[in-house]
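Asker: Sending over a structure as structure tokens; questions will come in a sec.
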Amino acid sequence: MEKGFKVGIVGVVVLLLSVIGGFKFFEKIDNGYVGVQYSMNGGIKDEVLTQGVKYVGLNKVIQYPIRLQTIKAKDVSVSTSDGKKTTLDIKYDYKVDSTKASNMYKEFGNITSEDIENGWLKSKLQKEAREIYAKYSLLDVLSGKSTEVEAELLKGFAKAVESKGFVIEDVTVGVPEVDSETQKTIDSIIRAGQENEKAKLDAETVKTKADSDAYKEIKAAEAEAESNKKVAESISDELVRYTEAQARMKHGWVEVQTGEAIVDAGN
């Protein structure tokens, strides 16, 4: 009995070790990620692991996202061309080029994509933002050139990280923080713009009314001319003779001949 009990214990232990070892030898690659393997005796393997449970033995595996990830970098410090220091939040979408995942492991080593986002990618974003915002005044950024700045930041950031295998799809920049004096200037610019737009609208209203009155006068003149034309077209020789006959019947006929008036009484 005692011997059988010991054999049973050994069997349970072996089973547990097998289960644990089974989990150790397999790696689950998440949806939207690829895995890169590192072997102690063979180094980094070029073939990446795709989604699903994969046998990896004793190899280490690092996963990188190949679907878009949205990252929010808060309180990025920049200085504008007019010497204004400000902070802003920047959101960007990125993914990893799966064909460069192995090279990425060689470049960054055994660290996660989150570590890269909070370290290398953030520093690159900070550098590009500082260089680009230094070309614009704070008022430029706030009063009409924000789209231009975003486009330039997207282009510069994407170019700065593409060689390492990162693909930047989009960049969105929040509204920079401003001091009270700058805010007053911005408010005055907005008011001036609103007043200018109102003046334009008033001018357009006056012009529209003048155009409408002129149009009405033209249409009335056209209608009168058309009426006169129809009257003129309706006068025929028969109508003239008929009108003369009606006049003779009512008033008699008056002829002027050799300076003498002859009245025909109609009788």
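Asker: Order these peptides, 139-149, 70-80, by their mean beta-carbon neighbour count within 10 angstrom, highest first.
Answerer: Packing proxy ranking, top to bottom: 139-149, 70-80.
Asker: Using only the alpha-carbon atoms of the range 69-178, report the extent along each of the three principal axes, biggest first, to the nearest angstrom.
Answerer: Cα spread of the range 69-178 along its principal axes, largest to smallest: 44, 20, 19 Å.
Asker: Among the lysines, select those whose C-alpha is under 19 Å from the C-alpha of K230, and discard any that sit fewer than 8 residues away in the same chain.
Answerer: Of all the lysines, those that pass the test against K230 - Cα under 19 Å, at least 8 places apart if same chain - are K219.
Asker: What pairs from K45/K122; K95/K135; K95/K155; K95/K122; K54/K95 go past 25 Å between their alpha carbons?
Answerer: Checking Cα-Cα distances, K45/K122; K95/K135 exceed 25 Å.
Asker: Could I get the Rg over Rh figure for the range 107-153? Both from C-alpha atoms, Rh via Kirkwood, rounded to two places.
Answerer: Using only Cα positions, Rg/Rh for the range 107-153 is 1.18.
Asker: Counting other beta carbons within 10 Å of each residue's own, what order do R130, R67 fall into, fewest first?
Answerer: Fewest to most other Cβ atoms nearby, the residues stand as R67, R130.
Asker: Okay, next question. What order do you get for 118-125, 99-106 when each peptide is scored by the mean count of other beta carbon atoms within 10 Å, highest first?
Answerer: Ranked by mean Cβ neighbours within 10 Å, highest first: 99-106, 118-125.
Asker: Starting from the Kirkwood radius over alpha-carbon pairs of the range 31-89, derive D by Stokes-Einstein at 20 °C in a medium of 1.002 mPa s and give it in µm² s⁻¹.
Answerer: Roughly 144 µm²/s, to the nearest whole number.
Coordinate-derived values only; no laboratory data. Model, not experiment: these values are computed from the prediction. Positions of Cβ are backbone-derived with ideal geometry, glycine not excepted, and every protein chain shown enters the neighbour counts.
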